[in-house]
Amino acid sequence: MARSLLKPGFFCMALVCLFASAAGHAQTWKPEKPVDIIIGTTPGGPQDRQGRLIQRIFQERKLFDQPSSVSNRPGGGGAVALAFMANHKGDAHYIQIVAQPLISNHVAGRSKQHFTDFSPIAIFAVEYVTLVVRTDSPIKDAREFVAGMRKDPTAYSVAIGTVVGNATHSSYAHAMKAAGVDVKRLRSVAFNSGSEGMTAAMGGHVDAAAGSVSTVLPHVRAGKLRVLAIGAPKRWEGELASVPTWKELGVDSAQDLWRGLAGPPGFTLAQTAFWDATIARTVKDSEWIKDVERNLAANVYKNSADTLKHWQAEYADVKALFIEMGLAK
């Protein structure tokens, strides 16, 4: 019988190399068709601005070979866009700008989709919610506001954005709860947009408004709104350096208003790895950093794994708050 001149170990090594090559190929993914960035709000707001900036960075820096676009799908405090994403299981060519409504919509019963029904990609920036009044408001400062609310939780009406239970409402309610106010009795008023709520505050149609820094800043700069407090863990910088935090005022509240990215359910490890690497490069881009600084946000980046942990912790916090407010379904 003829004997092979090749050593037995040769075949083992060849098989190892073959499988390693196949595995490496399977773990590589990149877009094979245009990428669509879904925005769950109307054009012009912070989510829309950030989504369009991300799309521009994708294109100008050539972070992948395929073109990209932005599609606005507003409605239901983000629920319409989330429902659209849920119908594209495993398709990593769709990514969506998401914020706290990804969590709160399910707790409040506005959306059937739980955050676990989506693929986490990133948290890429954090803003904080301010409490503002018109410049000539009789409310002198945040201490006076809190004192009035402790006596009577219906004392002041407050614009809280587009839907009861959204991120701005949650942040404001959290501060009032920490101040000892009965949050079930708050006079919280929703409008068609955050800017419409600011207009109502400037016109005296509501006593105050809760809004993200980027939403209120243009009106503060124009001298039409005055900031009473900010829900940040420490004093903010720039034009808001003189604004006290809730914690400084003896109210133990500091809530993130984060924005990030999610994909449809069912991302593979390779798809997740691609978007982890791509967004990590995006948030280091000079144009991105300038935009974050201009809008007095924090350039906080969390990858897919850390984003999932954040969602898990926040879901528990929001559920507890909404149960107390009578908003949980």
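Looking at Trp236 and the list (1) open to solvent by 20 Å² or more (accessible area, probe 1.4 Å); (2) over 24 Å from Tyr128 (Cβ atoms); (3) of a type in the set (Phe, Trp, Tyr), which single condition is not satisfied?
(2)
Taking the residues in region 47-73 that are small (Gly, Ala, Ser) and buried (at least 18 other Cβ atoms within 10 Å of the Cβ) as candidates, determine which candidate is nearest to the chain's Cα centre (by Cα).
Let us first name the residues in region 47-73 that are small (Gly, Ala, Ser), namely 51, 68-69, 71.
Cutting the leftovers down to buried (at least 18 other Cβ atoms within 10 Å of the Cβ) gives us 51, 68.
Details: Gly51: 12, Ser68: 21 Å.
Ranking the qualifying residues of region 47-73, first place goes to Gly51.
One line per residue, one yes/no per condition, for (1) modelled with pLDDT of 95 or more; (2) touching a Gly at 6+ places or on another chain (Cβ under 8 Å):
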{"position": "Phe58", "(1), (2)": "yes, no"}
{"position": "Gln100", "(1), (2)": "no, no"}
{"position": "Gln113", "(1), (2)": "no, no"}
{"position": "Ala122", "(1), (2)": "yes, yes"}
{"position": "Val126", "(1), (2)": "no, no"}
{"position": "Thr135", "(1), (2)": "yes, yes"}
{"position": "Met149", "(1), (2)": "yes, no"}
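Out of (1) open to solvent by less than 10 Å² (accessible area, probe 1.4 Å); (2) under 19 Å from the mean Cα position of the chain (by Cα); (3) of a type in the set (A, V, I, L, M), the odd one out for Ala86 is which?
Going through the list (1) open to solvent by less than 10 Å² (accessible area, probe 1.4 Å); (2) under 19 Å from the mean Cα position of the chain (by Cα); (3) of a type in the set (A, V, I, L, M), Ala86 breaks only (1).
Would you mind finding the one in Leu102, Leu63 that is over 30 Å from Lys247 (Cα atoms) and out of contact with any Cys (no Cβ under 8 Å at 6 or more places or on another chain)?
Details: Leu102 fails: over 30 Å from Lys247 (Cα atoms).
Unique residue meeting the criteria: Leu63.
For region 118-135, check the following and say yes or no: at least one residue is exposed (fewer than 15 other Cβ atoms within 10 Å of the Cβ) and of a type in the set (Gly, Ala, Ser). Give the derivation first.
Going through region 118-135, the residues exposed (fewer than 15 other Cβ atoms within 10 Å of the Cβ) turn out to be 135.
Retained after the next criterion (residues that are of a type in the set (Gly, Ala, Ser)): none.
Checked region 118-135: no residue is exposed (fewer than 15 other Cβ atoms within 10 Å of the Cβ) and of a type in the set (Gly, Ala, Ser).
Under 6 Å by Cβ, and 6 or more places apart or on different chains, what pairs join a residue from region 187-208 that is closer than 11 Å to Val132 by Cβ with one that is basic (Lys, Arg) and open to solvent by 50 Å² or more (accessible area, probe 1.4 Å)?
Sorted first by the residue in region 187-208, then by its partner, the pairs are Ala201/Arg134; Met202/Arg134; Met202/Lys224.
I'd like to know if region 256-273 contains one or more residues that are out of contact with any strand residue (DSSP E or B) (no Cβ under 8 Å at 6 or more places or on another chain), open to solvent by less than 30 Å² (accessible area, probe 1.4 Å) and under 25 Å from Gly45 (Cβ atoms). Lay out the reasoning, then the answer.
Pass one, region 256-273, residues out of contact with any strand residue (DSSP E or B) (no Cβ under 8 Å at 6 or more places or on another chain): 268-270, 273.
Next, only the ones that are open to solvent by less than 30 Å² (accessible area, probe 1.4 Å) stay: 270.
Adding the requirement that they be under 25 Å from Gly45 (Cβ atoms) leaves none.
No, region 256-273 has no match at all.
Quick grid of which residues meet (1) assigned to a loop (DSSP other than H, G, I, E, B); (2) not aliphatic (A, V, I, L, M):
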residue: Arg259; (1), (2): no, yes
residue: Gly266; (1), (2): yes, yes
residue: Ala273; (1), (2): no, no
residue: Asp276; (1), (2): no, yes
residue: Gln312; (1), (2): no, yes
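Considering only region 279-289, I want to know if a residue exists there that is open to solvent by 30 Å² or more (accessible area, probe 1.4 Å), touching a residue at least 24 places away in the same chain (Cβ under 8 Å) and under 21 Å from Ile54 (Cα atoms).
First, pick out the residues of region 279-289 that are open to solvent by 30 Å² or more (accessible area, probe 1.4 Å): 281, 284, 286-287, 289.
Of the ones still in play, those that are also touching a residue at least 24 places away in the same chain (Cβ under 8 Å) are 281, 287.
Those left that are additionally under 21 Å from Ile54 (Cα atoms): 281, 287.
For region 279-289, residues open to solvent by 30 Å² or more (accessible area, probe 1.4 Å), touching a residue at least 24 places away in the same chain (Cβ under 8 Å) and under 21 Å from Ile54 (Cα atoms): present.
Can we say Asp152 is in contact (Cβ under 8 Å) with a residue 12 or more places away in the chain and acidic (Asp, Glu)?
The answer is no for Asp152.
The values are calculated or read from the model by the stated rules, or taken from the named source; none is laboratory data. In this text, all values refer to a predicted model and were calculated from it rather than measured experimentally. Glycine gets a Cβ as well: all are built from the backbone with ideal geometry, and neighbour counts include every protein chain shown. Surface areas here come from the heavy atoms of the whole protein model, side chains and all, with no ligands, DNA or RNA. Shrake-Rupley method; radii C 1.70, N 1.55, O 1.52, S 1.80 Å.
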